[in-house]
Amino acid sequence: MVVIKDPIHGNIDLSEMELRLIDTPHMQRLRRIKQLAMAYLVYPGANHTRFEHSMGTMALTGQMCTHFGFDKEKREKLRAAALLHDVGHLAFSHESESVTAGIFGDHEKLGRQLMLRSEIADILNEKYSGKEVADMLHNRELGQLIVSDVGSDRMDYLIRDSRYTGVAYGIIDVERIIQTLGMNRGRVVIQENGLESAESLLVARF
């Protein structure tokens, strides 16, 4: 077991498979892609990267899996999907997609291709399948834990962007939101006692 220290979430435990995924050139490339593209020209501290964000998204997804009591296999697939959810990003993050999407496809399409046919796919296929993990991000039930309004992707980038830009609006009660998550008819929902925390998340995003 390898442990990485993250300034936002503290210690993040990595399985052997996760460590191998992180060590691929496709994931290491994210160390050179700023999360907020050119925003560092206005906010000098905004030098955090898609790599850090991917690690944080995986960590929060793991906490959600613990909250819901998911088994080991489901947890590993969801954490892998969270780790890889931004692996298709090109230089300047979203800022360049209006130019590059017509040629290469958006970052979601590129990321899926890497999970299906690349060194990443080879690693995933040893235990599960790249398609299974890629499909997690588009699963209307489990995928919401990563990509919905209260998903791990959104929560991590809000608190991470807040930390590195110094903008206080991104400070949200992540632990409270996770503890008040529920499932209803295949949809991720917030229980009544978590509505204030969820509202603060929506205000922070706005």
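See the values below:
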| item | result |
| --- | --- |
| All positions within segment 137-150 that are open to solvent by 10 Å² or more (accessible area, probe 1.4 Å) and in a helix (DSSP H, G or I) | Q144, V147 |
| Selection within segment 151-205 - part of a loop (DSSP other than H, G, I, E, B), in contact with a strand residue (DSSP E or B) (Cβ under 9 Å, 6 or more places away or on another chain) and β-branched (V, I, T) | T180 |
| Flag for F70 being in a loop (DSSP other than H, G, I, E, B) and either in contact with a strand residue (DSSP E or B) (Cβ under 8 Å, 6 or more places away or on another chain) or open to solvent by less than 50 Å² (accessible area, probe 1.4 Å) (or both) | yes |
| Candidate set from segment 173-185 (those that are within 16 Å of S148 (Cα to Cα) and free of Cβ contacts under 8 Å to residues at least 60 places away in the same chain); member that is surrounded by the fewest Cβ atoms within 10 Å (Cβ to Cβ) | R185 |
| Residue tally, condition open to solvent by less than 50 Å² (accessible area, probe 1.4 Å), touching a residue at least 24 places away in the same chain (Cβ under 8 Å) and not hydrophobic (A, V, I, L, M, F, W, C), over segment 114-131 | 2 |
| Cβ-Cβ under 7 Å pairs, at least 6 apart or on other chains, segment 79-90 side at negative phi, far side open to solvent by 10 Å² or more (accessible area, probe 1.4 Å) and hydroxyl-bearing (S, T, Y) | L90/S96; L90/T100 |
| Residue count, segment 30-55 (criterion: assigned to a loop (DSSP other than H, G, I, E, B) and β-branched (V, I, T)) | 2 |
| Among the residues listed as M64, M58, M17, the single one being part of a helix (DSSP H, G or I), out of contact with any Leu (no Cβ under 6 Å at 6 or more places or on another chain) and open to solvent by less than 40 Å² (accessible area, probe 1.4 Å) | M17 |
| Unmet requirement for A134, which otherwise passes all of (1) under 19 Å from M27 (Cβ atoms); (2) open to solvent by 30 Å² or more (accessible area, probe 1.4 Å) | (2) |
| Selected residue (criterion: modelled with the lowest pLDDT) from residues of segment 186-197 that are open to solvent by less than 100 Å² (accessible area, probe 1.4 Å) and in contact with a Lys or Arg (Cβ under 9 Å, 6 or more places away or on another chain) | G186 |
| Lone qualifier among L158, L145, L201, L181 - being hydrophobic (A, V, I, L, M, F, W, C), at pLDDT below 90 and within 23 Å of D6 (Cβ to Cβ) | L201 |
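The values are calculated or read from the model by the stated rules, or taken from the named source; none is laboratory data. Quick caveat: nothing in here was measured; it's all calculated off a predicted structure. Cβ: placed from backbone, ideal geometry, glycine included. Neighbour counts: every protein chain shown. To get the accessible areas, we keep the full protein, side chains included, count just its heavy atoms, and leave off ligands, DNA and RNA. Shrake-Rupley method; radii C 1.70, N 1.55, O 1.52, S 1.80 Å.
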